[in-house]
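This report refers to the structure that appears directly beneath it.
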């Protein structure tokens, strides 16, 4: 069975890159080496692998990466730290009309 990884890299400029792969070690090495010269991460090296999540189903992995790519930096940092309480707060507070904030 093939495993898929959704991962978050931190770039030297403090920004985050989110990707998906079936070979995390190889893909991270490609990012670090600047394999694709026109990629987001090439000019932002060195990189650190901050987070990854394994998936058995590629559709679930794709769903998760699409979700994360829309998140704020603060929300990604809460995920990286495993701060699920903050992740919940940040999710709720994005909607200014949420009933708790009226």
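With axes computed from alpha carbons, what is the tilt in degrees of helix 58-69 against the longest principal axis of the chain, rounded to the nearest 10 within 0 to 90?
Once rounded, one gets 70 degrees.
Round to the nearest 10 and give me the degree value, 0 to 90, for the angle of helix 24-33's Cα axis relative to the longest principal axis of the chain.
Around 70 degrees separate the two axes.
In square nanometres, what is one fourth of the surface area of the convex hull spanned by the alpha carbons of the chain? Could you put the intermediate results ahead of the total?
On the way: hull surface 30.4 nm².
Seen from a random direction, the Cα hull of the chain projects 7.6 nm² on average.
Over the chain, calculate the relative contact order: mean separation of alpha carbon pairs under 8 Å at least 6 apart, over the residue count, as a percent.
Values: 126 pairs, mean separation 28.5, N = 102.
Contact order relative to length: 28 percent.
I need 62, 8, 20 ordered by Cβ neighbour count within 10 Å, fewest first.
Taking fewest neighbouring Cβ atoms as first place, the list is 62, 20, 8.
Among 13, 57, 38, whose mean-square fluctuation peaks in a Gaussian network model of the chain (Cα, cutoff 10 Å)?
The residue with the greatest mean-square fluctuation here is 38.
Relative to the longest principal axis of the C-alpha atoms of the chain, give the angle of the C-alpha long axis of helix 84-93, reported between 0 and 90° and rounded to the nearest 10°.
The helix 84-93 is inclined about 60 degrees to the chain.
What percentages, rounded to whole numbers, describe P(r) for the stretch 29-81 computed over all alpha carbon pairs with 10 Å bin width beginning at zero?
Binned Cα distances yield the sequence 21, 38, 40, 1.
A short reminder: the numbers here are calculations on the coordinates, not readings from a lab. If you're wondering where the values come from, they're calculated on a predicted model, not measured in any experiment. FYI the Cβ positions are ideal-geometry reconstructions off the backbone, even for glycines, and counts take in every protein chain you see.
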